[in-house]
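Okay, so here's the structure we're looking at.
The values are calculated or read from the model by the stated rules, or taken from the named source; none is laboratory data. Quick caveat, the model's predicted, so the values are computed rather than measured. Cβ atoms come from the backbone with ideal geometry, glycine included; neighbour counts cover every protein chain shown. Accessible surface areas use protein heavy atoms only, side chains included; no ligands, DNA or RNA. Shrake-Rupley method; radii C 1.70, N 1.55, O 1.52, S 1.80 Å.
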Amino acid sequence: MTLILESHFVDSQGLRLHVRHRPGAPAAPAVLFLHGWLDHTHSFDGVIEHVPAHWRLVLLDFRGMGRSAHAPPEAHYQSGEHLLDVEAALDGMGLSQVYLVGHSLGGIIGTTYAATRPERILGLSLIESMGPLGGAAEATVDRLRSFLNDTRRPPRRKVYPTVEDAAARLRETNPTLPLSAALYLVRHGTERVEGGVAFTFDPRHRRRFAQGYDEAQWLAIQAALTCPVQVIRGEQGLWPDARKLDRRLESLRTRVAPPVMIAGGHHVHLEQPAEVARALTDFIR
């Protein structure tokens, strides 16, 4: 891939966040891309090669992922901090209004941000992202217990002998991910260390959140959206059970059409970048 974007850094509550940017035409749409859990901005490279050349593109590395700074030792990653990162990217890049495109975790954060800052979001595209897993109210104490237990275990950064070994590990959890896409993710998401390579994300991201949304809270967030919403699904992707999916789709009151179904798995934007770009181009005007 030969696409070249400019690297910038913005401040989010004292953390240095990495943003990649392509200037666009004065009246062109500005589009902010939000990657998935433990991924980075380069996961969208294949897609943005196929979107209109006049769009202004901004791609954010969430805190503790990609080339963004890790949280300090005394801090913990929680979902609210990612909202701060989105706002920092918009403010730091001088964007008053944007379209949001989010994959998986990025779609969850994009949904919550669009619900709470509706005046800044022109449209929301959700790629393999229909909200968090949620959980029953009676699981709340177990979640808090897991959070405390996780903090007592020092974070462990696994080292892989080669880039190919790291890519093979990605494909274990994402079997539909092509080898070429896995290698691309790894080459941009690892660094050389003693004994091989290690992923650049902060291993503390693997800890459980202390708190999470229950189903009623998540449906309320989705129902609060006022911008047009597009849903893009991989035919072999990760989705809630049928009843939960139906409820969540129904609560997206501003959804413009049925979900766009594209052959592929959870990382469908890496498997079928041109198809995903075509769906985005049809939606973002």
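For region 10-36, taking the residues that are open to solvent by 70 Å² or more (accessible area, probe 1.4 Å) and touching a residue at least 60 places away in the same chain (Cβ under 8 Å), the one that is farthest from Val58 (Cα to Cα) is identified as Gln13. Consider Glu191 carefully, then state whether it is under 23 Å from Gly46 (Cβ atoms), outside any helix (DSSP H, G or I) and either touching a helix residue (DSSP H, G or I) at 6+ places or on another chain (Cβ under 6 Å) or without any contact (Cβ under 8 Å) to a residue 60 or more places away in the chain (or both). When the stated conditions are applied, Glu191 passes them.
If the condition is being within 18 Å of Ala279 (Cβ to Cβ) and either small (Gly, Ala, Ser) or open to solvent by less than 10 Å² (accessible area, probe 1.4 Å) (or both), then region 37-50 contributes Ser43, Phe44, Asp45, Gly46, Val47, Ile48.
Does at least one position in region 175-198 carry a residue that is open to solvent by 30 Å² or more (accessible area, probe 1.4 Å), under 30 Å from Glu138 (Cα atoms) and out of contact with any Gly (no Cβ under 7 Å at 6 or more places or on another chain)?
No, that holds for no residue.
Applying the condition of being of a type in the set (Ser, Thr, Tyr) and within 10 Å of the chain's Cα centre (by Cα) to region 102-136 and asking which residue is farthest from Arg255 (Cα to Cα) yields Ser104. Looking only at region 152-172, filter to residues that are modelled with pLDDT under 95 and over 24 Å from the mean Cα position of the chain (by Cα); which one of those is farthest from Glu215 (Cα to Cα)? Looking at residues that are modelled with pLDDT under 95 and over 24 Å from the mean Cα position of the chain (by Cα), I get Pro154.
Return the residues of region 119-176 that are touching a residue at least 24 places away in the same chain (Cβ under 8 Å), farther than 30 Å from Ala242 by Cβ and not in a helix (DSSP H, G or I); say none if nothing qualifies. Once the filter is applied, which keeps residues that are touching a residue at least 24 places away in the same chain (Cβ under 8 Å), farther than 30 Å from Ala242 by Cβ and not in a helix (DSSP H, G or I), region 119-176 yields Leu122, Pro155, Arg156, Arg157, Lys158, Val159, Tyr160, Pro161, Thr162. When the residues of region 206-219 are filtered to those that are touching a residue at least 12 places away in the same chain (Cβ under 8 Å) and hydrophobic (A, V, I, L, M, F, W, C), the one that is least open to solvent (accessible area, probe 1.4 Å) is Trp218.
Please work out if Tyr99 is more than 21 Å from the chain's Cα centre (by Cα) and open to solvent by 10 Å² or more (accessible area, probe 1.4 Å). Walk me through it before giving the result.
On the way: more than 21 Å from the chain's Cα centre (by Cα): no; open to solvent by 10 Å² or more (accessible area, probe 1.4 Å): yes.
Against the criterion (more than 21 Å from the chain's Cα centre (by Cα) and open to solvent by 10 Å² or more (accessible area, probe 1.4 Å)), Tyr99 does not qualify.
Out of curiosity, is Ile108 touching a helix residue (DSSP H, G or I) at 6+ places or on another chain (Cβ under 9 Å), open to solvent by less than 50 Å² (accessible area, probe 1.4 Å), β-branched (Val, Ile, Thr) and under 17 Å from Pro29 (Cβ atoms)?
Numbers: touching a helix residue (DSSP H, G or I) at 6+ places or on another chain (Cβ under 9 Å): yes; open to solvent by less than 50 Å² (accessible area, probe 1.4 Å): yes; β-branched (Val, Ile, Thr): yes; under 17 Å from Pro29 (Cβ atoms): no.
Considered against the rule, which asks whether it is touching a helix residue (DSSP H, G or I) at 6+ places or on another chain (Cβ under 9 Å), open to solvent by less than 50 Å² (accessible area, probe 1.4 Å), β-branched (Val, Ile, Thr) and under 17 Å from Pro29 (Cβ atoms), Ile108 comes out as no.
In region 233-282, which residues are of a type in the set (A, V, I, L, M, F, W, C) and open to solvent by 30 Å² or more (accessible area, probe 1.4 Å)?
Residues satisfying the conditions are Leu238, Trp239, Ala242, Val256, Ala257, Val260, Met261, Ala263, Ala274.
When Ser104 is tested against (1) at negative phi; (2) in contact with a strand residue (DSSP E or B) (Cβ under 8 Å, 6 or more places away or on another chain), only condition (1) is not met. Which of the residues that make up region 123-143 are surrounded by 14 or more Cβ atoms within 10 Å (Cβ to Cβ) and not hydroxyl-bearing (Ser, Thr, Tyr)? Gly123, Leu124, Leu126, Ile127, Glu128, Met130, Gly131, Pro132, Gly134, Gly135, Arg143 - these are the residues of region 123-143 that are surrounded by 14 or more Cβ atoms within 10 Å (Cβ to Cβ) and not hydroxyl-bearing (Ser, Thr, Tyr).
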